[in-house]
Every structure is written in structure tokens, then in C-alpha cells.
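Data block below; observations after.
The values are calculated or read from the model by the stated rules, or taken from the named source; none is laboratory data. Owing to the predicted nature of the structure, the values given are computational and were not obtained by experimental measurement. Here the Cβ is made from the backbone with ideal geometry for all residues, glycine too, and neighbour counts use every protein chain on show.
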Amino acid sequence: MIGKGVFTIVLSLLGFIGPRPLPAHPEAAKKLLVVTSLQDLAAIAREIGGKYIEVFSIAKGYQDPHFVDPKPSFMVKLQRADMFIQAGLGLEIGWVPPLLDGARNPNILPGSRGYVDASKNVPLLQVPTGDPATLRARGDIHPYGNPHYWLDPLRGKIIADNIFEGLARLLPGNKETLQRNLARFKKTIDAKVARWVKMMAPYKGKSVVAFHNSWPYFEQRFGIKVVAFIEPKPGIPPTPKHLVKVIRIMKERRVKVIIISPYFSRKSAELLASKTGASVIELAPSVGAFPEIQTYTDLFDYNLSRLVKAFHGN
């Protein structure tokens, strides 16, 4: 017969008693699940949250953020989420509310500890004036201001502040580390902005045509000027009459660069280019728009290098 001591040792070796082996990544269980509406917000959240968070973005950078399909799988993510971050200002009005309603997670609703509005304290451009009831007649106008504010890297620092505040509420024991991550992110942005502004200095005041009104913050920071849009009004497809008007403006202003986002049809832009000798370039409206854009600073490295090349070639 096997003695009691030997039997105990055998069971222990087989794993039936005694201490169980630790999971391969014990810290993974402690990570907060942070869900963001946009990949830009996810990229900044990773910089601040580091090893303490797992991040999932609903919209991808190659998608139009105004129109995202609210899939049930996104509701499941939000149901499990510890934090939800959105751009706000009505940008996601068509798809975030139904997702939050379907998720039934009170911890990430507006006003809760797990909710972050990334636009808080951001200086806004193009805030419309006049009777709100008439705004729809002016196209897809955002009543709180232009929501594409992440396309200015210095406003990106304010986004980072908002995300830090949200993470610090949920991770008070790690606040010092989060603060160090925030400071490092801001230092990187400041150094990059100095380099980017110098890079764009020879092209300050250069006129371009854009498809959609996504670029006012980018214009303001880097000194270019959008003099016309392919859309006659935001969200309204161009008519032949409007395109004739844009061609006239391009010839008068000697515009040689047309910028377009990857989710818009190039047909009208290519027509304008054929009539004016301009170049059509696809700029990234968000992180993830193209495979090489994985971080927030990648977004500006990519766009500015494309612009400089286009200006230099014309």
C-alpha cells in the first residue's frame, strides 16, 4: 500500500492539492477595459494608461466617424467596459447612444465615473450662430462646433488631460504613474509640434481644396488654408454647378493640392484635378486610417510629409 505521505506528494505533483500555478500574465486580470469611439482617443489612452489598461476602439480610422454601424458586438464590449471615451460635440450622435442603451452599463454613461468626454475644455472652432432650428438647412452642421479637434496635436494634450482624469478616478493607486505617462506624452507632443511647424513654415498660407470640412484645427496649427470644399454643404454631395465654381476658385487661387479622406469617393476630386492640374492626396483623418499610422504622432508625421511632398511637387 502507498503510505499517506507518499499519496499526498503524488496528488500535489499532479496538481490536485497544494498551490496552483500562477497565470502567465497575472497583471492582465487587473487591466481596465477602456472602450473609445475613435482610434485617436484609443491611441492617446494607451499612452496615458500604459500597462494598466486594455483598449478597444469602435470606429476604425479608415471609417467615416459620422456613420458607424452600431453592431451588437460593440454593445458586448461596452457592457464589459470600465471606461468609455468619446469625442462628443455630436460627432457620434447617430451611433453611440444606441450602443450605450444596448450595453446597459451604468458605469460608463455620461456623468458616471467611467465616462470621459474628450472635448472637455478644448477651444472649439466654427461654433455656429443663429437659430438652432435652421442649422439642418445648412447641411450636416454640428451645433457645438467643429468636432475634428484631435487634428491639432496641441489640443491632443487637452484630450490627454481628460483621459488622465478619468483613469485617475478608476486607478487612484496608480495616479503617480499615470501622471508621469501624461507628462511624457505632453513633452513628446511639444517637441514634435516644434519640428512640424518648422517643417511647414515654407508653405505657410498655401491654399488647398478639401472634400469635407474636417480640417480647421489642422489648418490653424500648421498654416495652410482650405479655400473651397468639394461638398457644397457638409454632408451634401457635389453638383456639377458647384464643381464648376470650385474649378474657378482653384484657377483664381492657383490651388494645386486637393485633400481627401480615404472613405470619400475620389471621382469628383479627380475631375477637379484633371481640369486644374492639381494633385489629389489622401490624408489620414484619424489614427489607423492607413497601416503605417499606429500612434497619435504617426498621424501628423504621415499627413505633413504627404503635404510637403505635394506642395514641393507643385
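Checking the condition on the phi > 0 side of the Ramachandran plot and among the small types (Gly, Ala, Ser), which residue from Gly205, Gly166, Gly156 passes?
On the way: Gly166 fails: on the phi > 0 side of the Ramachandran plot; Gly156 fails: on the phi > 0 side of the Ramachandran plot.
Unique residue meeting the criteria: Gly205.
Filter the range 77-104 down to residues that are over 27 Å from Pro153 (Cα atoms) and either touching a Cys at 6+ places or on another chain (Cβ under 6 Å) or outside any loop (DSSP other than H, G, I, E, B) (or both), then give me how many there are.
11
For the range 295-306, give me the residue count where each residue is more than 21 Å from Asp190 (Cβ to Cβ) and either crowded, with 21+ Cβ neighbours inside 10 Å or not charged (D, E, K, R) (or both). Quick ask: steps written out before the conclusion?
Taking the range 295-306 and keeping what is more than 21 Å from Asp190 (Cβ to Cβ), we get 306.
Next cut, either crowded, with 21+ Cβ neighbours inside 10 Å or not charged (D, E, K, R) (or both) only: none.
Adding up the residues that qualify gives 0.
I'd like to check something: does the range 148-162 contain any residue that is part of a strand (DSSP E or B) and either closer than 25 Å to Leu124 by Cβ or in contact with a Cys (Cβ under 6 Å, 6 or more places away or on another chain) (or both)? Break it down stepwise before answering.
The first filter runs over the range 148-162 and keeps only residues part of a strand (DSSP E or B), leaving none.
Within the range 148-162, not a single residue is part of a strand (DSSP E or B) and either closer than 25 Å to Leu124 by Cβ or in contact with a Cys (Cβ under 6 Å, 6 or more places away or on another chain) (or both).
Pull up the range 268-300, narrow it to residues that are of a type in the set (D, E, K, R) and without any contact (Cβ under 8 Å) to a residue 12 or more places away in the chain, then point me to the one that is farthest from Gly50 (Cα to Cα). Before the answer, list the steps.
Taking the range 268-300 and keeping what is of a type in the set (D, E, K, R), we get 270, 275, 282, 292, 298.
Still in the list and also without any contact (Cβ under 8 Å) to a residue 12 or more places away in the chain: 270, 292, 298.
Values: Glu270: 42, Glu292: 21, Asp298: 18 Å.
Looking at residues that are of a type in the set (D, E, K, R) and without any contact (Cβ under 8 Å) to a residue 12 or more places away in the chain, I get Glu270.
Name the single residue, out of those in the range 187-227 being polar (S, T, N, Q) and closer than 30 Å to Pro237 by Cα, that is surrounded by the most Cβ atoms within 10 Å (Cβ to Cβ).
Pass one, the range 187-227, residues polar (S, T, N, Q): 188, 207, 213-214, 220.
Checking the rest, the ones that are also closer than 30 Å to Pro237 by Cα come to 207, 213-214, 220.
Numbers: Ser207: 17, Asn213: 19, Ser214: 24, Gln220: 16.
Ranking the candidates gives Ser214 first.
If you take the residues in the range 268-286 that are touching a strand residue (DSSP E or B) at 6+ places or on another chain (Cβ under 8 Å) and part of a helix (DSSP H, G or I), which one is surrounded by the fewest Cβ atoms within 10 Å (Cβ to Cβ)? So that I can check it myself, show each step before the final result.
Initially, the range 268-286 is screened for residues touching a strand residue (DSSP E or B) at 6+ places or on another chain (Cβ under 8 Å), giving 269-270, 272-273, 278-283.
Keeping just the survivors that are part of a helix (DSSP H, G or I) gives 269-270, 272-273.
Details: Ala269: 25, Glu270: 14, Leu272: 21, Ala273: 18.
Among them, the one singled out is Glu270.
Got a sec? Which of Thr239, Thr177 is surrounded by fewer than 18 Cβ atoms within 10 Å (Cβ to Cβ), modelled with pLDDT of 95 or more and in the same structural domain as Ile159 (by TED's automatic domain parsing)? Spell out how you get there, then give the answer.
Numbers: Thr239 fails: in the same structural domain as Ile159 (by TED's automatic domain parsing).
The unique qualifying residue is Thr177.
Find the residue count for the range 203-227, including only residues that are without any contact (Cβ under 8 Å) to a residue 40 or more places away in the chain and not in a loop (DSSP other than H, G, I, E, B).
Initial filter on the range 203-227 (without any contact (Cβ under 8 Å) to a residue 40 or more places away in the chain): 204-205, 219, 223, 225-227.
Add one more test, that the residue is not in a loop (DSSP other than H, G, I, E, B), and what stays is 219, 225-227.
Adding up the residues that qualify gives 4.
For the range 243-267, what are the residues that are assigned to a helix (DSSP H, G or I), in contact (Cβ under 8 Å) with a residue 40 or more places away in the chain and surrounded by fewer than 18 Cβ atoms within 10 Å (Cβ to Cβ)?
Of everything in the range 243-267, those that are assigned to a helix (DSSP H, G or I), in contact (Cβ under 8 Å) with a residue 40 or more places away in the chain and surrounded by fewer than 18 Cβ atoms within 10 Å (Cβ to Cβ) turn out to be Ile249, Arg253.
Please determine whether any residue of the range 158-172 is in the same structural domain as Lys30 (by TED's automatic domain parsing), among the small types (Gly, Ala, Ser) and in contact (Cβ under 8 Å) with a residue 40 or more places away in the chain.
We begin by selecting, within the range 158-172, every residue in the same structural domain as Lys30 (by TED's automatic domain parsing); these are 158-172.
From what is left, the residues that are among the small types (Gly, Ala, Ser) are 160, 166, 168.
Next, only the ones that are in contact (Cβ under 8 Å) with a residue 40 or more places away in the chain stay: 160, 166.
Yes, because at least one residue in the range 158-172 is in the same structural domain as Lys30 (by TED's automatic domain parsing), among the small types (Gly, Ala, Ser) and in contact (Cβ under 8 Å) with a residue 40 or more places away in the chain.
Is it the case that Asn107 is polar (S, T, N, Q), out of contact with any Leu (no Cβ under 6 Å at 6 or more places or on another chain) and outside any loop (DSSP other than H, G, I, E, B)? Please lay out each step first, then the result.
Working: polar (S, T, N, Q): yes; out of contact with any Leu (no Cβ under 6 Å at 6 or more places or on another chain): yes; outside any loop (DSSP other than H, G, I, E, B): yes.
When the stated conditions are applied, Asn107 passes them.
Against the definition (part of a helix (DSSP H, G or I), modelled with pLDDT of 95 or more, under 24 Å from the mean Cα position of the chain (by Cα) and over 16 Å from Asp152 (Cβ atoms)), how does Ala194 come out, yes or no? Outline the logic, then answer.
Details: part of a helix (DSSP H, G or I): yes; modelled with pLDDT of 95 or more: yes; under 24 Å from the mean Cα position of the chain (by Cα): yes; over 16 Å from Asp152 (Cβ atoms): no.
So Ala194 does not fit the description; no.
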